[in-house]
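A short write-up of the structure that comes next.
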Amino acid sequence: MARRTKEEAAATRDRILDAAEQLFAEHGVSRTTLQHIATAAGVTRGAIYWHFDDKVALFNAMIERVVMPLEMALGEMDGSDPLRDLREHMMAGLRVTVEDERARRVFEIASLKMEIVGELDAARLRRHDSMQSWKARFEERIKRAIALGTVRADVNPRAAALGMWSLEEGLIRNWLFDPASFDLLEVGAQAIDAQISGLRA
């Protein structure tokens with residue numbers, strides 16, 4: 001009986017998150033109320049508060065259900081070509097965007113369909129931390145590539161890492177505005193290759 005109750009609670013929580021994700025995508029975060037979410041999920045507002053402290057907690061739980069394209073872990077590199085490893089990491093982020101509908105929708109909500117003010121300022125802090133972590137990891141790999149002689153010695157690793165972040169995020173955001181306007185994987189590969197070739201020694 002306890003197991004069934006636990007499973008039912010988990011199912012209700014998922015139903016709430018599914019409804020929130022759908023409504024946030026359709027109407028934006030600020031225009032979606034907890035009552036809207038409760039109605040769409042077929043639960044009471046009390047049920048939402050049983051699972052989440054507030055809309056911010058619900059929003060954060062929705063994000064934590066997916067691996068965001070720009071928050072993917074940078075895998076271990078084999079050491080022979082750090083730039084190849086960075087390219088593969090960037091391409092993996094583009095592939096997640098194209099192939100994982102939930103990750104794409106949540107990234108779109110977090111990037112394009114919310115105002116980062118007031119109670120949702122926590123989302124800005126999360127994005128800032130994610131960006132700093134991503135750039136630090138890329139900067140480290142670029143420094144290794146300079147030490148190996150595969151990247152020019154005059155390259156500023158911090159600036160190069162920022163450029164790679166800006167390229168990756170810009171490609172994804174522009175594609176989300178109009179997915180039919182270009183092939184994210186094909187054009188993304190071309191843009192990433194062009195940027196990386198500009199760093200090579």
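The values are calculated or read from the model by the stated rules, or taken from the named source; none is laboratory data. As the structure is a prediction and not an experimental result, all values here were calculated from the model. Every residue, glycine among them, receives a Cβ derived from its backbone with ideal geometry; neighbour counts consider all protein chains shown. Areas reflect the complete protein model, heavy atoms only, side chains present, ligands, DNA and RNA absent. Shrake-Rupley method; radii C 1.70, N 1.55, O 1.52, S 1.80 Å.
A quick yes/no check of all residues on (1) at pLDDT 95 or above; (2) aliphatic (A, V, I, L, M):
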| position | (1), (2) |
| --- | --- |
| ALA122 | no, yes |
| ARG137 | no, no |
| VAL155 | yes, yes |
| GLY163 | yes, no |
| ARG173 | no, no |
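When the criteria are applied in full, ALA189 meets the requirement of being in a helix (DSSP H, G or I), farther than 29 Å from LEU23 by Cβ and either open to solvent by 40 Å² or more (accessible area, probe 1.4 Å) or in contact (Cβ under 8 Å) with a residue 40 or more places away in the chain (or both). Scanning the stretch 102-154 for residues that are outside any helix (DSSP H, G or I) and more than 23 Å from SER80 (Cβ to Cβ) turns up LYS113, MET114, GLU115, ILE116, VAL117.
Could you say whether any residue in the stretch 145-168 is touching a strand residue (DSSP E or B) at 6+ places or on another chain (Cβ under 6 Å) and over 30 Å from LEU58 (Cα atoms)? Yes, some residue in the stretch 145-168 is touching a strand residue (DSSP E or B) at 6+ places or on another chain (Cβ under 6 Å) and over 30 Å from LEU58 (Cα atoms). Applying the criterion of being open to solvent by 60 Å² or more (accessible area, probe 1.4 Å) and either acidic (Asp, Glu) or at positive phi (or both) to the residues of the stretch 65-98, the residue that is modelled with the highest pLDDT is GLU88.
Every condition in (1) at pLDDT below 95; (2) open to solvent by 60 Å² or more (accessible area, probe 1.4 Å) holds for SER181 except the one numbered (1).
Scanning the stretch 153-176 for residues that are touching a residue at least 12 places away in the same chain (Cβ under 8 Å), open to solvent by 50 Å² or more (accessible area, probe 1.4 Å) and either touching a Gly at 6+ places or on another chain (Cβ under 9 Å) or closer than 26 Å to VAL98 by Cβ (or both) turns up LEU162, ARG173. Look at (1) on the phi > 0 side of the Ramachandran plot; (2) open to solvent by less than 20 Å² (accessible area, probe 1.4 Å) and you find that GLY149 fails only one, number (2). Within the stretch 27-55, residues that are outside any loop (DSSP other than H, G, I, E, B) reach partners that are open to solvent by less than 50 Å² (accessible area, probe 1.4 Å) and among the charged types (D, E, K, R) with beta carbons closer than 8 Å, at six or more positions or on different chains, in the pairs LEU34/LYS55.
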